[in-house]
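Here the structure comes first, spelled out in structure tokens, and everything after it is commentary.
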Amino acid sequence: MQQNEILKNLRIESGLKQKELAEKLCIGQSTIVGYEKGLHEATAEILSRYANFFNVSMDYLIGLTDEIGGTIKPNLSPTISALTDEERQLLDLFSRMDRAQKIKALGYCEGLISVKSGARYPNFKA
């Protein structure tokens, strides 16, 4: 299923009108229309809002799973399929964080790495 179909189906199944969903996600109704018609794709930030609001995974929203709780399709790109379970879990958790939480998490991770290797990494900028 295409991303626009997934987003539209989630809205319809929840019984929301485009205007209502737009208000809940803090975006314009015309933006919702564009996503649902496939005129443009949602950014990671907007997909994160959808995922949090509808309580689904980002993988589901971008079509990497066939169903909300489904398994990852076997035809993934080599980069994504090469991730370990721990890396996938971290990415999933990170995608559900707000900006402040992401900055704290990155700072914590930088601290773990710098303690182990003595290296320092630049601060996260989004």
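The values are calculated or read from the model by the stated rules, or taken from the named source; none is laboratory data. All of these numbers come straight from a predicted model, not from anything done at the bench. Reconstructed Cβ throughout: ideal geometry from the backbone, glycine too, with neighbour counts over all protein chains shown. Surface accessibility is based on the protein's heavy atoms, side chains included, excluding ligands, DNA and RNA. Shrake-Rupley method; radii C 1.70, N 1.55, O 1.52, S 1.80 Å.
For this structure, a couple of remarks:
- Of all the numbered requirements in (1) modelled with pLDDT of 90 or more; (2) within 19 Å of Gln2 (Cβ to Cβ), Glu67 misses one, and that requirement is (1).
- Filtered residues of the range 78-112 (kept if over 17 Å from Ser57 (Cβ atoms) and modelled with pLDDT under 80): Pro78, Thr79, Ala82
- Of all residue pairs spaced 6 or more apart or on separate chains, those with beta-carbon atoms under 7 Å, a first member in the range 80-99 that is closer than 22 Å to Thr43 by Cα and exposed (fewer than 11 other Cβ atoms within 10 Å of the Cβ) and a second member that is at pLDDT below 85 and aliphatic (A, V, I, L, M) are Arg99/Ala126.
- When the residues of the range 37-46 are filtered to those that are without any contact (Cβ under 8 Å) to a residue 40 or more places away in the chain and closer than 20 Å to Arg99 by Cβ, the one that is most open to solvent (accessible area, probe 1.4 Å) is Glu45.
- Subset of the range 16-59 that is in a helix (DSSP H, G or I) and of a type in the set (Asp, Glu) - its residue that is farthest from Leu90 (Cα to Cα): Glu20
- Consider the range 113-126 and keep the residues that are in a helix (DSSP H, G or I) and either under 14 Å from Glu45 (Cα atoms) or open to solvent by 60 Å² or more (accessible area, probe 1.4 Å) (or both). The one that is modelled with the lowest pLDDT is Ser117.
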